[in-house]
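The values are calculated or read from the model by the stated rules, or taken from the named source; none is laboratory data. All of these numbers come straight from a predicted model, not from anything done at the bench. Backbone-built Cβ (ideal geometry, glycine too); neighbour counts: all protein chains shown. Just the protein is used for accessible areas: all its heavy atoms, side chains included, with ligands, DNA and RNA removed. Shrake-Rupley method; radii C 1.70, N 1.55, O 1.52, S 1.80 Å.
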Amino acid sequence: MKISRLFEQKKAVFSFEVFPPKPTAELSAVQETIAALAALRPDYISVTCSAGGSGNARTAQIAQLVKQNGIEPLAHVTCLHATAESADATLRELDGLGVENVLALRGDRIEGAAESRDFAHASDLVRFIRRGGYGFDVAAACYPEGHPECAGLPEDIRNLKRKVDEGVSHLNSQLFFDNEDFYRFLDLLAAADIGVPVQAGIMPLVKKSHVDRIISLSGAKIPAAVSRLIARFYDKPDSLMEAGIAYATGQIIDLLSAGVRGVHVYVMNNAYVARRIAESVAPVLREINGEKA
Ligand code: FAD
């Protein structure tokens, strides 16, 4: 099913993101995780890909696995280190597996790797997919606090508008920890006449390694409540796990109460975290979407 249909049918869409195992690892490493996530009945599961494109075959395999488990996959496709030919091969492979939705991304720069002569921005890939007549629904990324490379949020939103106008059907946001940043961002999108549904990206901070990585890489602002939680529980794995789940759940409940069109949870392949959050927010989602238990 096309994800745009889900947005037509539901007031709020709820989904997870997973990443493929390393090319050298057995596929079985994630089979159990995908089955456990699928049992939680998210509206869809997105599957990341490496910016270099070398892991794209794995993305296709995992997307297929998601589909075999009865859940709609959204396959990520990056373009900064791709050619028109390699992008076409990736898209044809996904299409051949029955994948109907892709997330078109530029990807992060890889030190020393040659950059594409065919694609400079994600908007180029969106145009390529739309003009190529592949028939996918095309989602794209957005950044409530602005993309780190951009001079400021207003310029980033002008670039986002160009991307959306190439034929994006919904946006998935970068993770953030302060919901007010997301609400302000939605107001700016409305002012810029960007009307596609936007899903809020939520990352539960449940492990020391996530804390280190997220703080150094995402550039997301850390509100006082999150820095207190980190300071108190950084070296206490059980408490950090519980506190991280509780904080993310609180963020999601507030977002759903505020009427956002969806929430996308970066579960880092952790089915336990996904289950705890999904179970807590399920009654709220059912209420919003008018569904029976
Ligand atoms: P773009 O939309 O091209 O934007 C990148 C920068 O270029 C921005 O600063 C933007 O303002 C600027 N820009 C855009 N268009 C123009 C223009 N016409 N002229 C001038 N400047 C312009 N990375 C991966 O490698 N694999 C993944 O699976 C992956 N999944 C992600 C999922 C989500 C939801 C998000 C938010 C990010 C993900 N990323 C992933 C990271 C992403 O690849 C990086 O953030 C990357 O730096 C930007 O990608 P983009 O598609 O947003 O790029």
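Can you spot a residue in the stretch 48-62 that is open to solvent by 20 Å² or more (accessible area, probe 1.4 Å), without any contact (Cβ under 8 Å) to a residue 60 or more places away in the chain, on the phi > 0 side of the Ramachandran plot and not hydrophobic (A, V, I, L, M, F, W, C)? Yes, the stretch 48-62 contains a residue that is open to solvent by 20 Å² or more (accessible area, probe 1.4 Å), without any contact (Cβ under 8 Å) to a residue 60 or more places away in the chain, on the phi > 0 side of the Ramachandran plot and not hydrophobic (A, V, I, L, M, F, W, C). When the stretch 63-101 is filtered for residues that are among the basic types (Lys, Arg) and more than 21 Å from the chain's Cα centre (by Cα), only Arg92 remains.
Residues considered: Glu17, Glu8, Glu26. Of these, the only one that is of a type in the set (D, E, K, R) and within 16 Å of the ligand (Cβ to nearest atom) is Glu17.
Residues are listed down the side, and each one gets a yes or a no for (1) out of contact with any Leu (no Cβ under 8 Å at 6 or more places or on another chain); (2) modelled with pLDDT of 95 or more; (3) open to solvent by less than 50 Å² (accessible area, probe 1.4 Å):
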site: Gln64; (1), (2), (3): no, yes, no
site: His76; (1), (2), (3): no, yes, yes
site: His81; (1), (2), (3): yes, no, yes
site: Thr90; (1), (2), (3): yes, yes, yes
site: Gly96; (1), (2), (3): yes, yes, no
site: Asn101; (1), (2), (3): no, yes, yes
site: Ala104; (1), (2), (3): no, yes, yes
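Within the stretch 1-17, residues that are in contact (Cβ under 8 Å) with a residue 12 or more places away in the chain and open to solvent by 60 Å² or more (accessible area, probe 1.4 Å) reach partners that are assigned to a helix (DSSP H, G or I) and hydrophobic (A, V, I, L, M, F, W, C) with beta carbons closer than 7 Å, at six or more positions or on different chains, in the pairs Lys11/Ile288. On the stretch given as the stretch 124-145, residues that are open to solvent by 20 Å² or more (accessible area, probe 1.4 Å) and within 10 Å of the ligand (Cβ to nearest atom) total 2.
Residues of the stretch 146-167 that are near the ligand (Cβ under 9 Å from one of its atoms), surrounded by fewer than 16 Cβ atoms within 10 Å (Cβ to Cβ) and either basic (Lys, Arg) or within 30 Å of Leu97 (Cα to Cα) (or both): Arg158, Arg162. Residue under question is Leu188, and the condition is that it be farther than 17 Å from Gln251 by Cβ, within 14 Å of the ligand (Cβ to nearest atom), of a type outside the set (Gly, Ala, Ser) and open to solvent by 70 Å² or more (accessible area, probe 1.4 Å); does it hold? The answer is yes for Leu188.
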